[in-house]
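Let me begin by presenting the structure, written as structure tokens, before commenting on it.
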Amino acid sequence: MFETERLRLRALEEEDFVAFAAWWNDPELMALQSTHALKPAAAAGVRKLFQAWADDSALFVTIVEKRGGETIGSCNLWGGDAKNRDYQIAIVLRRESWSQGLGTETLRLIVRHAFREMGVHRLSLKVTAENERAIRAYRAAGFEVEGRLRQSYLRDGAWRVELIMGHLGEGL
């Protein structure tokens, strides 16, 4: 149902939890992915986290490379506001899949589906200002910076900035 040239996006399956747990403890990934305090996570905790995301999302997909069939990440729409048709979007990719355009490829497919099939009016997200790779992918998928949250979170002893980005589906 959800395929790009290089990727298959599918429902969460039991074997995905092994892959998620393997790279969820990558400190570089976590520093870019989350503003929470960095701490090791047991496989059971990672399973519980991803299952909760899947259960609470309007759409949750596991990202799998067609060639090789490896699970490389997830993407979800969550926090929906039914009246205003406004949702948050989140994506996470394992480090080995960075800088290959796979995030952009995933985002374009999910964004198009959200606007054309789900009737979403607006998508938004927060991203750490240091995550330049993600910001490029979001821009390539049609998101624009709408604001800055100064001193939003503490990382490595310094206060950091988060960006708020949004997409209104124009041009799709």
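The values are calculated or read from the model by the stated rules, or taken from the named source; none is laboratory data. Bear in mind the structure is a predicted one, so any value in this text is a computation, not a measurement. Cβ placement follows ideal geometry from the backbone for every residue including glycine, while neighbour counts extend to all protein chains displayed. For accessibility, only protein heavy atoms count, side chains too; no ligands or nucleic acids. Shrake-Rupley method; radii C 1.70, N 1.55, O 1.52, S 1.80 Å.
Sum -39500 (n - 2.57) across every DSSP H segment of at least 4 residues in the chain, then divide by the residue count to get the 222 nm mean residue ellipticity, nearest 500.
The helix-only estimate for the chain comes to -9500 deg cm²/dmol at 222 nm.
May I ask you to rank THR62, THR4 by accessible area, largest first, using a 1.4 Å probe over the protein chains only?
From most exposed to least exposed: THR4, THR62.
Can you give the extra length, in nm with one decimal, that the chain gains between GLN51 and VAL18 once fully stretched, where that is 0.36 nm per residue apart less the Cα-Cα distance?
10.6 nm
What percentage of the solvent-accessible surface of segment 3-139, computed with a 1.4 Å probe over protein heavy atoms, is contributed by carbon and sulfur atoms?
For segment 3-139, the apolar C and S fraction of the accessible surface comes to 49 percent.
How much of the calculated P(r) for segment 62-131 lies past 19 Å, in percent of all Cα pairs?
Roughly 38 percent, rounded to a whole number.
Restricting attention to segment 46-84, which trypsin sites (Lys or Arg not before Pro) occupy a DSSP loop and are surrounded by at most 16 other Cβ atoms within 10 Å?
Listed in order of number, the matching sites are LYS66, ARG67, LYS83.
Please identify every one of the GluC sites (Glu not before Pro) in segment 74-133 that sits in a loop by DSSP and has no more than 10 other beta carbons within 10 Å of its own beta carbon.
Loop-located and lightly packed - GLU117.
Please report the net charge: other residues with Cβ closer than 14 Å to the Cβ of THR128, K and R +1, D and E -1.
Local charge sum for THR128: +2.
Using 0.36 nm per residue of separation minus the Cα-Cα distance, give me the extension gain between ALA129 and GLU144 in nm, one decimal.
Full-extension gain reported as 4.1 nm.
Could you give the dipole magnitude of segment 120-172 about its Cα centre, charging the beta-carbon of Lys and Arg +1 and that of Asp and Glu -1, in debye to the nearest 20?
Here segment 120-172 has a charge dipole of around 100 debye.
Would you please calculate the Kirkwood hydrodynamic radius of segment 22-82 over all C-alpha pairs and express it in Å, rounded to one decimal?
With all distinct Cα pairs of segment 22-82 included, I get 13.1 Å.
Could you work out the equivalent-ellipsoid semi-axes for segment 1-131, taking the square root of 5 times each eigenvalue of the Cα gyration tensor, largest first, in whole Å?
Result for segment 1-131: semi-axes of 22, 18, 15 Å.
For segment 18-99, report the accessible area per residue in Å² (1.4 Å probe, heavy atoms, rounded to an integer).
I get 54 Å² per residue for segment 18-99.
Could you work out the relative contact order of segment 77-172, using alpha carbon pairs under 8 angstrom and six or more residues apart, expressed as a whole percent?
27
Run the numbers on the chain and let me know its relative contact order in percent, using alpha-carbon pairs under 8 Å that are six or more apart.
Averaging sequence separation for qualifying contacts and normalising by length gives 19 percent for the chain.
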